[in-house]
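What follows is a set of notes on a single structure, which appears directly below.
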Amino acid sequence: MSNKRLQLVQIDVFSSRPLEGNALAVVLDGRGLSDAEMQAVARETNLSETTFVLPRDAALEQERGIRVRIFTVAEELPFAGHPTLGTAFVLRGASGAAEIKLDLNVGTVPVHFEETPGEPAFGEMTQIAPEFKSRHERRAVAEALGLSPGDFDPDLPIETVSTGLAYTIVPIQALARLQALRIDPVRAGRYLAEHDGKFFYFVSRETVTPGARLHARMLFYGGEDPATGSAAGCAAAWMVAHGVARPEERALIEQGIEMQRPSRIFVRASKMDDRVVNVRVGGNAAEVMRSEMRF
């Protein structure tokens, strides 16, 4: 019988207050674990994602970043936003470091930190350059989601964007329709498998929080995600491309409200000529637990 012991930190990401935002488990040293064991640990934590820090030579970490792998309860992901930001917060600790670099399956992702007196630390990750993929026919998407074409925002496209993970961004016109949204995960998944998105990301320009630019929901694996940083990065690029936000404007996306896990995701992107570049996603985080897992 194995006698492995893992030190874990649980942190709530995209909120400065515990018990809000999106919970993440961080395994501080995952060396020696097989892929199957990492997946089993992620199933055991039963959170949206669990990350595994794999310490290595300091010179290599300085050059490429700290090696981290990301698992959902079902699979390993090449990139995900709240695990990247939350893991960087855990690794930074009380050091006051201005930057933590993570070496993920998509490459090096830097996370920069801002400190304002009297305010919680703010972290902001720079995601890889956005790739705009296909635009989708409204009637086909409506059929896959059990919606009417009239439910979509008529001024904005349904479009797949990737900053490391591809999301099909679906703009819903009315906030009430988005809040009541239920989808058939099998039918929705079939549509995604036949096209170029990994997940749907639903947004509305009608919001609950004053000053928020988008209200968002992410329904996946038959459940819901309270904050999705990778999708928010895709949304940031999409917003700037289609005039929902100005280049370099730090815009707020609210998510998780329907789950009573309110999340505040701050996004911005630049524009160079006709290209959207320099996508950044940021927020706060609050540590809630340290524990030991034995198996």
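None of the figures in this text is laboratory data; all of them are computed from the coordinates on show. Since the structure is predicted, the reported quantities are computational estimates derived from the model, not experimental observations. Note that we place each Cβ from the backbone using ideal geometry, even for glycine, and neighbour counts take in every protein chain shown.
A few remarks follow.
- Protection proxy ranking, peptides 32-38, 14-20, average beta carbon neighbours within 10 Å, highest first: 14-20, 32-38
- Once the Cβ-Cβ distance of Val277 and Asp155 is raised to the sixth power relative to R0 = 25 Å, the FRET efficiency obtained is 0.55.
- The range 241-263-the range 73-110 distance, computed between alpha-carbon centres (Å): 21 Å
- Cα pair distances of the range 131-282 binned at 10 Å [whole percent]: 12, 45, 36, 6, 0
- The chain, relative contact order in percent, only Cα pairs under 8 angstrom and at least six apart counted: 22 percent
- Averaging the Cα positions of each part gives two centres, and for the range 128-204 and the range 1-24 these lie 30 Å apart.
- Listed by chain and number, the lysines placed with their C-alpha closer than 27 angstrom to that of Lys101 are Lys198, Lys271; residues fewer than eight positions away on the same chain are left out.
- Most fluctuating residue given options Ala23, Ala144, Ala42, as computed from a GNM of the chain linking Cα atoms under 10 Å: Ala144
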